[in-house]
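The values are calculated or read from the model by the stated rules, or taken from the named source; none is laboratory data. The shown structure was predicted, so the numbers you read here are calculated from the model rather than taken from an experiment. Ideal geometry is used to build each Cβ from the backbone, glycine not excepted, and the neighbour counts take in all protein chains shown. Surface areas here come from the heavy atoms of the whole protein model, side chains and all, with no ligands, DNA or RNA. Shrake-Rupley method; radii C 1.70, N 1.55, O 1.52, S 1.80 Å.
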Amino acid sequence: MKTLKHLFDRNRAWAEEIERDNPGFFAGLARQQSPEYLWIGCSDSRVSANQIVDMLPGEIFVHRNIANVVAYSDVNCLSVIHYAVEVLKVKHIIVCGHYGCGGIQAAMQTRDQGYVENWLCHVKEVKRQHAERLQNLDEHARFDLLCELNVRAQVCNVKETGVVQAAWKSGQELYVHGWIYDISNGLLKDLEVNG
Ligand code: CO
């Protein structure tokens, strides 16, 4: 059986480099985590949360799924939001989509996508809600716009969760952001749907 030795080698080198720059770093983190940010992003291998915003372990709490969807039927995502807000008391929830998202592209198709349909239906719903606006665009512009509209829709879903509503009612400091990442240049854009 292969053991992916090269990954263990890289891991050791990475941990040593961090310890060299910040002695005691891992021992400190082992005692507690207190991230200020919850990142809800896409599972795509090109959109790694910590790397995009250049953050170390301990700085960002992360949930990722295909097309950065926040669905009320998803116990996983809702549990992450709940824990991040109630226990970790993050100050910011960032929903970050990206251009060129395979999940969004699949949701634009009319043909059956197989099992993943069960998930893409959430994005197809966004597409349906904005059908008129989307239909007048060429394919590239339509794709980009649906990537953005999906972020906006998921931001709304985050804001409407019971735990976020309760946090705001109690005066807890909590902001929700919608961002989009451009895989072609590595840069983030704020969609300014902050709340
Ligand atoms: Co994606």
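Brief remarks on what is shown
- Where helices (runs of 4 or more DSSP H) sit wholly within the range 23-90, those with at least 3 residues that are in contact (Cβ under 8 Å) with a residue 60 or more places away in the chain and touching a helix residue (DSSP H, G or I) at 6+ places or on another chain (Cβ under 8 Å) occupy 75-86.
- Residues of the range 91-120 that turn out to be open to solvent by 50 Å² or more (accessible area, probe 1.4 Å), within 16 Å of the ligand (Cβ to nearest atom) and either touching a Gly at 6+ places or on another chain (Cβ under 6 Å) or not in a loop (DSSP other than H, G, I, E, B) (or both), as a count: 2
- Unmet criterion (only one of (1) open to solvent by 40 Å² or more (accessible area, probe 1.4 Å); (2) under 18 Å from the mean Cα position of the chain (by Cα); (3) in contact (Cβ under 8 Å) with a residue 60 or more places away in the chain) for Val176: (1)
- One residue stands out in the range 32-44 among those that are open to solvent by 40 Å² or more (accessible area, probe 1.4 Å) and under 12 Å from the mean Cα position of the chain (by Cα): the one that is farthest from the ligand (Cβ to nearest atom), namely Tyr37.
- Some residue of the range 144-165 being assigned to a loop (DSSP other than H, G, I, E, B), acidic (Asp, Glu) and open to solvent by 20 Å² or more (accessible area, probe 1.4 Å): no
- The set of residues from the range 65-90 being open to solvent by less than 70 Å² (accessible area, probe 1.4 Å), within 16 Å of the ligand (Cβ to nearest atom) and within 19 Å of Ala49 (Cα to Cα) comprises Asn65, Ala67, Asn68, Val69, Val70, Cys77.
- The range 67-86, subset of a type in the set (A, V, I, L, M, F, W, C) and more than 11 Å from the chain's Cα centre (by Cα), residue farthest from Trp179 (Cα to Cα): Val75
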